[in-house]
Each structure stands twice: as structure tokens, then as C-alpha cells.
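**Student:** Before anything else, here's the structure in question.
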Amino acid sequence: MVNGILDYLWLVPALPLLGVVLNGAIALFAERPLLLKEAGLPLAGGHGAAHGSHDDAHGTSSHGSAHGHHESPAYRKLVALIAPGVVGAAFVVALLCVLSLASRPADGRTFVQILFPWIQAGSLLVPAGLQLDPLSSVMALVVTGVGFLIHVYSVGYMSHERAFARYFVYLNLFMFAMLTLVLANNYLLMFVGWEGVGLCSYLLIGFWYEKQSASDAGKKAFVANRIGDFGVLLAMFLVFWTFGSLSYTEVFAKVPLLRESGVLTTGLATAITLLLFLGATGKSAQIPLYVWLPDAMEGPTPVSALIHAATMVTAGVYMVARSSALFLLAPDTMMVVAVIGAITAIFSATIGICQTDIKRVLAYSTVSQLGYMFLACGVGAFTAGIFHLVTHAFFKALLFLGSGSVIHALSGEQDMRKMGGLRKYVPVTFFTMFAATLAIAGIPGLSGFFSKDEILWQAFSSPHGSPVLWGVAAAAAGITAFYMFRLVFLTFFGDSRMDPEVEKHAHESPWTMTVPLSILAVLSVAGGWVGIPAVLGGSNFFEHWLAPVFHPVAAAGAHGAAAAGAHGAQGAVHHPVVLEIGLMALSVAIALCGIGLAYFLYRVRTGKPDEIAARWPNLYDVVYHKYYIDEFYEWAVIRRIVNFSTGLWQMFDALFIDGIVNGAAALVRAAGERVRRLQGGVVGGYAFSLLAGAVLLVGYILYRSVVQ
Amino acid sequence: MIEPSAYLLLSAILFGIGVVGVVTRKNVLIILMSVELMLNGVNVAFVAVGSFLGDAAGGVFAFMVMTVAAAEAAVGLALLIALYRLKETIDITELKVLKW
């Protein structure tokens, strides 16, 4: 018990797993028979015509509306208690562990708990172990904290859902996998979590699997992620081949040594990191593998908030930050990461301008913000990337949950063109979402401002950065402010464009949904205060907290300059304070321009957006159709693969393989056809054969004896 | 004193006639008789060589063969009668059910 509470670190992933087991039993033995019984009856039996049509609405959208409650079976209350309960308990344990870790000296804040030997094959020894250090503790707290709030929210949001227990089984399983991912002490166990969250993402995107588009979106996400996972696997092989180990502490400890002995060449480091980054582009929806994330919005909205905004999609950023020691050795990869991040940030932001589905706007915004995080990692500012990851988890989860609350209020309506004036119907949702919008737009004082500005400053000042990267990122920030305020104006302000029938039922969500919204709103506002940069008089606690993870590593790397870049505050030494403040003011001004433009177009001159679209129909068309990227992939990749596979099937399978199999059978058959004539059934024939054989044998023996 | 080769020649001729009978005839009864002929051809060779070498084993073998031949004839004729009752023929070209 020398480590106190830290010895119970295994409880953090184990508690959600317990939830999976308990809820799984309920889903299998209580819920499933009930649903099957219902499905067996045509149109929900004795519920009457009105209820029947209501059930149909559930079947297709399942967002449900306030009226027409099903009587709630007892097991639902149990599930609603267990699922958030285990995650909340995991959060408490994680918090206690992190506090215990924080009480240690800064250089001793790495706690490794080996649970059991997992894989032993030759020189490959992989124990199942957990590692709590400043980086994984940040991730664990975000995952369990935001995860708990979203579980609570889900209880309200999914209250009209029939497959209630199945939903929470998946959600708890996701928490288990995600915590395995962030707490693993080696690449292989991380990969288990990595695949686990991918599986849960697939299951939850396709949660309403009766709907063709949802089931397709699930498959798309799964396949796009597999492409990236292939990169991670190859990277792990290379890491094991180079370092002879997969555990973080051993690998990173060996980096300086192998660097000096020339084993770890820059080319090798580039290969490993590029392959890891390929995995990150899949999981974190970066160009070229980002296409699955917008489609993933087919899943329930809390899922979009938890998996496709706050936690899973940031796994790629976490992995890159975790492997920072390797990334710093590969300047080429760093450049690729930064450029991909910057391009993704501005590219998806522009798509967000023209989307009309409230969740898709947020999805493209998520892709864009993830681009920021990779930009930060690419310029060596891993701390800034993780900082933005945290604040983004707060405000983007809030935005998604808010949009979910709006959708819930409007009985499943997601099209912003059919909203408007919602401010007075859903005041809590409006205020909390407005706070998140201010945060993501980068209004000074809110969380998004500090993290985004840290990234912008690093993109400009870091040795890996450049004014071009800053310019792209700042432009993306302006566009972000524009489309976010467009969303708010279209949804909450102006005259109602709602269906009168829908408007009649518009209502504020229950407390299980508004309380998480409020807590996240507080975090979105205040969450950035842990990382106020020195230039604004802050202490940047966040930077100091993560310093043990990134700095010794950076200092050990060959690129001393990169180390300075990662320091942030130290990097600023080379630049005048005026410059930093000036750039900060400039980025705020750009954001305000975006907001002003949105105000002008969607509040003052509301006819103007259509005018603009009409004046450049081609440009509007291209952006509205997301630059036809999906169509391009369809044409350039998917159809090629389908054609190739069809060719293989028809040429190779049908002709070659089947030819061998059928040919063998036909050969034996034809031979038998001929040989069967020997067995004529006439005894005389057999006797003659016998005689002929005997004569031949005797003749041969005689011949042999005569010759010799 | 007749040459031993004459006995062997007789033995070979008897055996040959038997073989031809077995292979060419259609009547099962004749075939059985031809088999007896082949066995007796062999018996001639046994006895002749035994007597020529002054060894009683040849004669013993000849008696042995006769015993077997008697048993064989008994079993063969019994089968033949059973067959005839079933098929009303003893022509082996008619009895070709056992084939593919």
C-alpha cells in the first residue's frame, strides 16, 4: 500500500467494464425478450392507432417526442442508475489518483501498474499495464468527467428509446475501451483500446440499424478507421523491431541511446511517425480520412458528443503527443502533421459554412478543431495541442449536447432552415450553447481563446512554425467564428420557421439534460484558466503540469531547437512580447470580423446569403456538396476497388479457383467413366484378367532368370 | 521309366485345358469341372516330382489338394443350386449384377 490510492488505478477502466457486464445482462435477459415480443406483434398490438404511428416514428428516427410515453419497465431505472454510476465512480477514482500523483515531485509523476503478463512470445513481452502520468491523467479526467456528464444527459435524451439498455452497454463499453487507450502503458494495449473505441463507434453510429443511412455510416467509419489502423500496426512492428519493446517508458528511455548509436536514424523515425500519423488521420478524422466523421452524425446525438467530438476522435492527438519523443526526431513528419492539420482546419471550416444540418455543421467544426490540435503537435507545441483537446472536449461536447437538446425539443428536426427563434423555447440550451459558441470563436477570457491562441502563437513562433501556418490557422479561426454564429443565429434568433405542429411541442429538456449542459458551460468558460499564458500574467499551470512528459523528451532529442519550441513560454523569449500580444489582438479581431459578418448576413440582411449563393452558383454548389470529396473518393478509390474486386471474383475466383476445384472433380469423374468398364460383372472376364496377370508375372520372373 | 518331363508336360496340358475351360465356358458347372481339371493337373506335377525326388511331401500335398477340391466342389455345387433357384440359369454371362 505504498502507493495509496494509486494501487486502485485499475478500477478506472474496470468500473465501466462492470457496467458493461451488468447492463449487458439486463439488455440480454430483460430488454431483448421484451423487444422481440413487441416486434412479433403487428403495429404494437393493443396500443391503438395513435400509438402505432408514434411507434413508427420511433422506428425511423427514434428521437421521439415528449408525448406518448411508454410505461417505463423497472429495468430501465436500474440501467439509468448503473451506467452513469460506474462512470461517475471511475471519475472519482481517477480524480483521487491524479491528486495523489500531483502530490509527488514533478519528475516522479509517472506511475506504472503492471496488472498481469499478457503476451509472451520469444523476445516479445507485453504485460497488461496501466500508466498514469501527467498526460494520461489529463486524458483520463477528460474522458471520465465529460463521459459522466454525457451519460447523465443520455438518460434524458434516450428516455423514449426502446433499446435503452443496449445503448448504455455500448456506451459503457466505449468508456472501458477509451480508458484502456489512454491509460495503457504500452502501444499494444493502447491499440486494443484503439480498436475497442472503433468498434463502439461503429456500434453506436449504426445504433438505429434499421435505417439504411445509419448502418452505411457505421460501416464507412469502420472501414476508414481500418485504413489508419493498418498504419498503427506497421508502426508498432517498427517500434518493436527498433526498440525491442512496446512499453512507453522503455521505448522513450532508449531513444537518446539508439539515436547516438545510429540505430534510430531520421529515416526510421520518419517511417514510424508517419505510420502512426496515418492511424491518427483515421481516428481523428484528418485529411485524407476525415470523410467518415460527418456521416457519423447518424448516431444518437450524445454519441456524437462523447465519441465524435470529445474523446475518441482526440485519440489520434493523444497518440501523437504520447509519441512526441519520436515525432521530434522526424522533422519531415512534423511538417506533414502541421500542414495536414492546417489544411484540414481551414478546409473543413469552409464546408461548415454551407451545411444546413445542425449536427453536420458541428461535425465539420470538430474536424476543423482537430486540425488545430494536429497543427499544434506539428509545430512541436504538444502542450498546446493537448490544451486545445481539453477545452475542445468541453465546448464541443456542450455544442453537441445543446444541438441534441434542440433536436429533442423539435421532435427530431435537424435542419436549421426549419428552426429559428428557439431562444424563448429552450432558454437553458440557448445560454449554454451561446457560451460554448463564444468559447469556440475565441472570445477573450473563455477557454477556447487561451487554447486556440496558444496554438496560433506556436504556429507563428515555434522553430517548426511559419507565418503561413499562422495565417491559415487565423483564417480558419475567423471562418469558425462565422459559421458558429451562423448556427446560433439560424437556430435561436429571428422568426420561427418551424413546422406549426412541431412548434406546439417545443419544450425545454428535462434536468438530466440541462444540468450536464450547465456544468459543461461553466467548464467551457472557465476551463481555459488553467493555461493562461505568461504574457497575459497567468502562470500557465497546464504547461507546467505536462512539462515532465514533453520536456525531458524534447531536451533528449537531437533537435534542441524543438525543445525550446515546445516550451512555449521559453520560445517567447526570442520574440518580443508586443508581437505576441499583437498577434493575439489580430486573431481576436479576425474572430470578431467573422461574428460581425455572420450578424450582418443572418440578422441584418437575411436575404443576403441566398443572393450570394445565387451570384456564384458554382462556388456555392461546390462548397455545399463538400467539394465533392465523397464523390471523388467514390470515383477514385471505391469504384476502383469494387471493379478490381469484381474482376478478381470473375477472373480469379470464378475461373481459376473454381476451375481447379471443378477441374479436379471432372478429371476424376472422366477417369472413372473409363475405368468402370473394367468391371463388367462377367466372371469370365475377371478370370481372364487374373490369368493374364499371372502369365505376365511368371513371364517376367522367367525372363529375369533367363537374362541373368 | 518315363521321363519326368513327360509327367510335367501332362500336368501342363491338363492345367492348360482347365484354364481354357474356366475362361471360355459359360456354364458354371463346366467351369467348376475345369477348375477340378486344373487342380488335378497340379496334382500330377506334385506326385511326379515327389516320386522323382523320393520325397513323400509331393504325395501328401496331392492328397491335401484333393481334400480341398472335394470341399470346394461341395460348396461350389451348393452355391450353384442356390443360384439356380434364384435366377433359373447357370449361364455366367447372365449373372453380371455385381458391376458398376
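The values are calculated or read from the model by the stated rules, or taken from the named source; none is laboratory data. As the structure is a computational prediction, the values presented were derived from the model and not from experiment. All Cβ positions, glycine included, derive from the backbone under ideal geometry; neighbour counts span all protein chains shown. Side chains are part of the model used for accessible areas, which takes the heavy atoms of the whole protein and leaves out ligands, DNA and RNA. Shrake-Rupley method; radii C 1.70, N 1.55, O 1.52, S 1.80 Å.
**Student:** Looking at segment A:447-466, can you tell me whether even one residue there is open to solvent by 10 Å² or more (accessible area, probe 1.4 Å) and within 26 Å of residue A:624 (Cα to Cα)?
**Tutor:** no
**Student:** What single numbered condition from (1) assigned to a strand (DSSP E or B); (2) touching a Pro at 6+ places or on another chain (Cβ under 9 Å); (3) open to solvent by less than 30 Å² (accessible area, probe 1.4 Å) fails to hold for residue A:86?
**Tutor:** Only one criterion in (1) assigned to a strand (DSSP E or B); (2) touching a Pro at 6+ places or on another chain (Cβ under 9 Å); (3) open to solvent by less than 30 Å² (accessible area, probe 1.4 Å) is unmet by residue A:86, namely (1).
**Student:** Still on this structure, please answer the following. Taking the condition surrounded by 15 or more Cβ atoms within 10 Å (Cβ to Cβ) and within 14 Å of chain A (Cβ to nearest Cβ), does residue B:98 pass?
**Tutor:** For residue B:98, the condition - surrounded by 15 or more Cβ atoms within 10 Å (Cβ to Cβ) and within 14 Å of chain A (Cβ to nearest Cβ) - is not met.
**Student:** OK, next. Do we find a residue being away from chain B (no Cβ under 14 Å), in contact with a His (Cβ under 9 Å, 6 or more places away or on another chain), open to solvent by 70 Å² or more (accessible area, probe 1.4 Å) and free of Cβ contacts under 8 Å to residues at least 12 places away in the same chain anywhere in segment A:621-636?
**Tutor:** yes
**Student:** Give segment A:582-630 a look and list any residue that's more than 30 Å from residue A:445 (Cα to Cα) and among the aromatic types (Phe, Trp, Tyr), or say none.
**Tutor:** Hits for segment A:582-630 are A:616, A:620, A:624, A:627, A:628.
**Student:** Select from segment A:141-163 the residues that are within 23 Å of residue A:73 (Cα to Cα), open to solvent by less than 10 Å² (accessible area, probe 1.4 Å) and out of contact with any Ser or Thr (no Cβ under 7 Å at 6 or more places or on another chain) and list them in ascending order.
**Tutor:** Answer for segment A:141-163, where residues must be within 23 Å of residue A:73 (Cα to Cα), open to solvent by less than 10 Å² (accessible area, probe 1.4 Å) and out of contact with any Ser or Thr (no Cβ under 7 Å at 6 or more places or on another chain): A:150, A:151, A:154, A:158, A:163.
**Student:** Next up: Given the criteria at pLDDT 90 or above, touching a helix residue (DSSP H, G or I) at 6+ places or on another chain (Cβ under 9 Å), in a helix (DSSP H, G or I) and open to solvent by 20 Å² or more (accessible area, probe 1.4 Å), does residue A:138 qualify?
**Tutor:** It is false that residue A:138 is at pLDDT 90 or above, touching a helix residue (DSSP H, G or I) at 6+ places or on another chain (Cβ under 9 Å), in a helix (DSSP H, G or I) and open to solvent by 20 Å² or more (accessible area, probe 1.4 Å).
**Student:** Would you pick out the residues in segment A:436-446 that are surrounded by 24 or more Cβ atoms within 10 Å (Cβ to Cβ) and of a type in the set (Gly, Ala, Ser)?
**Tutor:** A:436, A:439, A:441, A:442
**Student:** Another question, then. Output the residue which, of all residues in segment B:1-28 that are more than 16 Å from residue A:695 (Cβ to Cβ), open to solvent by less than 70 Å² (accessible area, probe 1.4 Å) and in a helix (DSSP H, G or I), is farthest from the other protein chains (Cβ to nearest Cβ).
**Tutor:** My answer is B:6.
**Student:** Going through A:685, A:659 one at a time, which residue ends up being within 14 Å of chain B (Cβ to nearest Cβ) and in a helix (DSSP H, G or I)?
**Tutor:** On the way: A:659 fails: within 14 Å of chain B (Cβ to nearest Cβ).
Being within 14 Å of chain B (Cβ to nearest Cβ) and in a helix (DSSP H, G or I) holds for just one of A:685, A:659, which is A:685.
**Student:** If I filter segment B:52-95 down to residues being of a type in the set (Ser, Thr, Tyr) and in a helix (DSSP H, G or I), which single residue comes out as farthest from the other protein chains (Cβ to nearest Cβ)?
**Tutor:** B:67
**Student:** Here's a follow-up. Scan segment A:390-431 for residues that are in a loop (DSSP other than H, G, I, E, B) and open to solvent by 10 Å² or more (accessible area, probe 1.4 Å) and report the count.
**Tutor:** 5
**Student:** Just one of the numbered conditions (1) out of contact with any Ser or Thr (no Cβ under 7 Å at 6 or more places or on another chain); (2) part of a helix (DSSP H, G or I); (3) within 17 Å of residue A:597 (Cβ to Cβ) is not true of residue A:443; which one?
**Tutor:** (2)
**Student:** If you go through segment A:696-705 one residue at a time, do you hit one that is surrounded by fewer than 12 Cβ atoms within 10 Å (Cβ to Cβ), of a type outside the set (D, E, K, R) and within 13 Å of another protein chain (Cβ to nearest Cβ)?
**Tutor:** yes
**Student:** Only residues in segment A:506-529 that are acidic (Asp, Glu) count as the first member; pair them with residues that are assigned to a helix (DSSP H, G or I) and open to solvent by less than 30 Å² (accessible area, probe 1.4 Å), Cβ under 9 angstrom, at least 6 apart or cross-chain, and list the lot.
**Tutor:** As it stands, the answer is A:508/A:405; A:508/A:409; A:508/A:429; A:508/A:514, since those pairs meet every condition given.
**Student:** Is it the case that segment A:206-223 has a residue that's surrounded by fewer than 23 Cβ atoms within 10 Å (Cβ to Cβ) and closer than 25 Å to residue A:129 by Cβ?
**Tutor:** no
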